[in-house]
Amino acid sequence: GYKIYLTGSNAEMFSKELGTKLTGRYLSIDVFPFSFGEYLRLKDKNLLEETDETTVKKGLLKKQLAAYFSQGGLPDYLHYNQPDYLHQLYENILYKDVIVRHGLKNGRLVKELTHYLASNIAKEISFTRLKTLLGVSSTTTISDYCDYLEKSYLCFFVNRYDRSIRKQANYPKKIYFSDHALARQIGFRFSEDSGRLMENCVFIELKRRKNEVYFHRGEKECDFLVQRQSKVVAAIQVAEDLAQKETKQREIGGILDALKTHSLRAGIILTQDHAGEEKIKIYNTTYTITFVPLYKWLLEKNKSTLEFTN
């Protein structure tokens, strides 16, 4: 008794606008590129079997994660492996879903903006600075263009956490892309910077798990805060390599600052390879920092335990 319409274009309507046309008569489901688990199901599903983690299996999982960073999670690209697919997809999104749909006359500006954003994933950006860099007279123009890009699901802008919505709007934001391989195709090649790829991957996984995500900046910085029902329930830091003492102290310092600020007692640092746990006592409070390799966190089946909710 239902009528089902399938459409391959966003040219007429985005899901966020369905409410004005189909009030109470639709269910919106966001579909993201393949998760790491779905990627493995395609490439080597034997690695998903629940067996003891041998040195060989660990090595294979890390190898596949590196390939996932390189290839991304877009199904058609993974299936057909056509070099031009990502570029064509980007062109279609940019021109059909952004430029044509919103009647933008300056296509060059939109392209330059997207290139800059893709070259700076996991970094803070401000609309004022973008206005200056791109030679635009109005910050509102940059804000609108970024909003169009986000509505097309090409990228996401994450707010710095603050109880004041007005302050959130005025702070710089962090930029992430829906697919890390697509971001590499669009922007300046930063294949050496796998730490930023890790962070982008974690953000999309948090979105896939339907979390409300912010970043923390107080005395120090923490990559992700997870909020549920108006309360921060988890803090997550992403660190590629903790071999250097200074790096480890910096990453722990950042997550401790977030834990103290939001009255949390436990946090997680996602790493390339390091696993373990440290308890740090500050005055009369003990904080637990758990180090988890990224591939384990991405494949964890019990999603409720992943953020170490207090």
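The values are calculated or read from the model by the stated rules, or taken from the named source; none is laboratory data. In this text, all values refer to a predicted model and were calculated from it rather than measured experimentally. So basically every Cβ, Gly included, is an ideal-geometry build from the backbone, and we count neighbours across all protein chains shown. Just the protein is used for accessible areas: all its heavy atoms, side chains included, with ligands, DNA and RNA removed. Shrake-Rupley method; radii C 1.70, N 1.55, O 1.52, S 1.80 Å.
With charges set only on the Cβ (+1 for Lys and Arg, -1 for Asp and Glu), what does the dipole of the chain come to about its Cα centre, in debye to the nearest 20?
Value, rounded to 20: 860 debye.
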- [ ] Name the long-range amide H neighbours of V233: under 5 Å, sequence gap of 5 or more, or other chain; modelled H, no Pro or chain starts.
- [x] V226, Q227, R228
Task: 10 Å-binned pair-distance histogram of segment 204-310 (Cα, whole percent) - done: 15, 52, 31, 3
TODO: Would you compute, from DSSP H runs of 4+ residues alone, the mean residue ellipticity of the chain at 222 nm, taking -39500 (n - 2.57) per run and dividing by the full residue count, rounded to the nearest 500?
DONE: -12000 deg cm²/dmol
- [ ] Within 10 Å, count the other beta carbons around each residue, average over each peptide in 73-85, 257-269, 193-205, and list them highest first.
- [x] 193-205, 257-269, 73-85
TODO: Send over the per residue convex hull volume for the chain, Cα only, as a whole number of Å³.
DONE: 176
Open item on the list: Is the C-alpha gyration tensor of segment 69-137 telling us rounded, prolate or oblate? Criteria: a/c under 1.5 is rounded; beyond that, a/b larger than b/c is prolate, otherwise oblate.
Closed with: oblate
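How compact is segment 19-106 by the rule of thumb for globular proteins, expressed as Cα Rg over 2.2 N^0.38 Å? Before the final figure, lay out the partial values.
Numbers: Rg = 18.8 Å, N = 88, 2.2 N^0.38 = 12.1 Å.
In units of the 2.2 N^0.38 Å rule of thumb, it is 1.56.
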Task: Rounded to whole Hz, the Karplus (6.51, -1.76, 1.60) HN-Hα couplings of segment 196-204, x for glycine and proline - done: 6, 5, 4, 5, 4, 4, 5, 4, 5
- [ ] Using per-residue counts of other Cβ atoms within 10 Å, averaged over each peptide, order 88-101, 166-179, 241-254 from highest down.
- [x] 166-179, 88-101, 241-254
Task: Hydrodynamic radius of segment 107-151 per Kirkwood, over alpha carbon pairs, in Å - done: 10.6
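What accessible area per residue, rounded to a whole number of Å², is obtained for the chain using a probe radius of 1.4 Å?
Working: 17240 Å² over 310 residues.
Counting only protein heavy atoms, the per-residue value for the chain is 56 Å².
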Open item on the list: List the residues, sorted by chain then number, that are 5 or more residues from E300 or on another chain and whose placed amide H is less than 5 Å from its amide H.
Closed with: none
TODO: Identify all lysines with a Cα-Cα distance to K167 below 26 Å; exclude those on the same chain that are fewer than 8 residues away in sequence.
DONE: K16, K123, K131, K151, K207, K210, K220, K231, K260
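Using 0.36 nm per residue, how much length does the chain from R209 to Q88 gain when fully extended, once their Cα-Cα distance is taken away? Kindly include the intermediate steps, with their values, before the conclusion.
On the way: separation 121, 0.36 × 121 = 43.56 nm, distance 2.85 nm.
Length difference between fully extended and current span is 40.7 nm.
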Task: Signed unit charges on C-beta, dipole axis of segment 67-169, positive-most listed residue N92, Y145, S119 - done: Y145
Task: DSSP bridge pairs, the chain: antiparallel proportion in percent, nearest 5 - done: 70
Task: At 1.567 mPa s and 4 °C, Stokes D of segment 130-239 from Kirkwood alpha-carbon radius, µm² per second - done: 85
